[in-house]
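Here's the structure we're looking at; comments come further down.
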Amino acid sequence: MEKKISILIILSIFIHTWFFASTIDEVVPAEFVEELVKTKNVRVIHEEEDNSLSLVPLSHYREEIINSRIEKKDSPYTAEFLYLISKKELLAGAKDGQKSVSEISIENISEIFTALSNMSGMCYRFSESDPDGIVLYKKVCTLEKPQKDKVIPDEVTKNCDGKKIYCYQQDRLLGNLVFVLNYKMNQNELYLSIKNLSNLGLFGIKACRKENLKINIHVTDCGDDFLFYISADANYENILKMFSIRRVIKKLMNERLDAIYRWFYLQF
């Protein structure tokens, strides 16, 4: 009897993982499949006049991601990164060496992206002279309301669908920031939409007003792999052109997108 139950459990895990999982060819825009499979990542940093989204996976939430772009009036910024992550590679350095590929699911992704305080100490700008990098976020926490003094425990869950969470970040260069995070999830996809609730500035110059920066994170379970999509869509102030720091702002945002991916990779 116990053997039958064990077999049924194994079969249910296998069927759940492989029945709902998508394939790379099904979800990656056709023109990027070859490059993604070969290099494991594709990046598109759009020109100022181009605010389209090219890398959005062909997924359940694709239209929502595309249709919820920030309206551009001043100095637009749009960047997209797409990564192909092998589950076997994740397991090679996993904290829990007992897991198998079939046991890593979108539920694990939900737990990672709702454990916001784990982003505290996130690093970036790795180099040969500084292999450990520089701390990007000194402190990250979950807020009860959009005020940084209302800190509450992280709302860690395996099913984040429909959740709305407020987040505080102490950014190394951009200062004290508050964001609102909206989550959607189905059997093999997680979509996280992040929007700023505080102004972003640099060197005392206001760069981006409240609700003018949107970050999209979308993860698809593709069986042996995860497809990780992240993009930033923003409307910056025209004043940036006068001070010639638009290029600096773009670099800072691109670094933060890549840092989030690196952090995600290290959570297993």
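The values are calculated or read from the model by the stated rules, or taken from the named source; none is laboratory data. From a predicted model like this one, the values you see are computed outputs, not experimental measurements. In this analysis, Cβ positions are derived from the backbone assuming ideal geometry, glycine residues included, and neighbour counts consider all displayed protein chains. These area figures cover heavy atoms from the full protein model, side chains too; ligands, DNA and RNA do not enter into them. Shrake-Rupley method; radii C 1.70, N 1.55, O 1.52, S 1.80 Å.
Numerical summary
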| quantity | calculated |
| --- | --- |
| Most mobile of Ser68, Ser127, Ser59 in a GNM of the chain (Cα contacts under 10 Å) | Ser127 |
| Average accessible area per residue (Å²) across the range 166-268 - probe 1.4 Å, nucleic acids and ligands excluded | 36 Å² |
| Amide H within-cut-off set for Leu136, under 5 Å, with H built and near neighbours excluded | Met122, Cys123, Tyr124 |
| For Leu197, residues with placed amide H under 5 Å, excluding near neighbours | Val178, Phe179, Val180, Glu211 |
| Convex hull of Cα atoms in the range 123-268, direction-averaged projection (nm²) | 10.1 nm² |
| Pairs beyond 30 Å (Cα-Cα), from Lys38/Lys163; Lys72/Lys145; Lys73/Lys150; Lys158/Lys251; Lys139/Lys163; Lys72/Lys163 | Lys38/Lys163; Lys73/Lys150; Lys158/Lys251 |
| Accessible area (Å², 1.4 Å probe, nearest 10) - Glu155 | 60 Å² |
| Spacing of the two label points (7 Å from each Cα toward its C-beta) at Lys99 and Asn186, in nm | 2.3 nm |
| J(HN,Hα) series, the range 43-49, from Karplus relation 6.51 cos²θ - 1.76 cosθ + 1.60, nearest Hz, glycine and proline x | 10, 10, 9, 6, 5, 4, 7 |
| Only Lys, Arg (+1) and Asp, Glu (-1) charged, at Cβ; the chain dipole about Cα centre in debye | 980 debye |
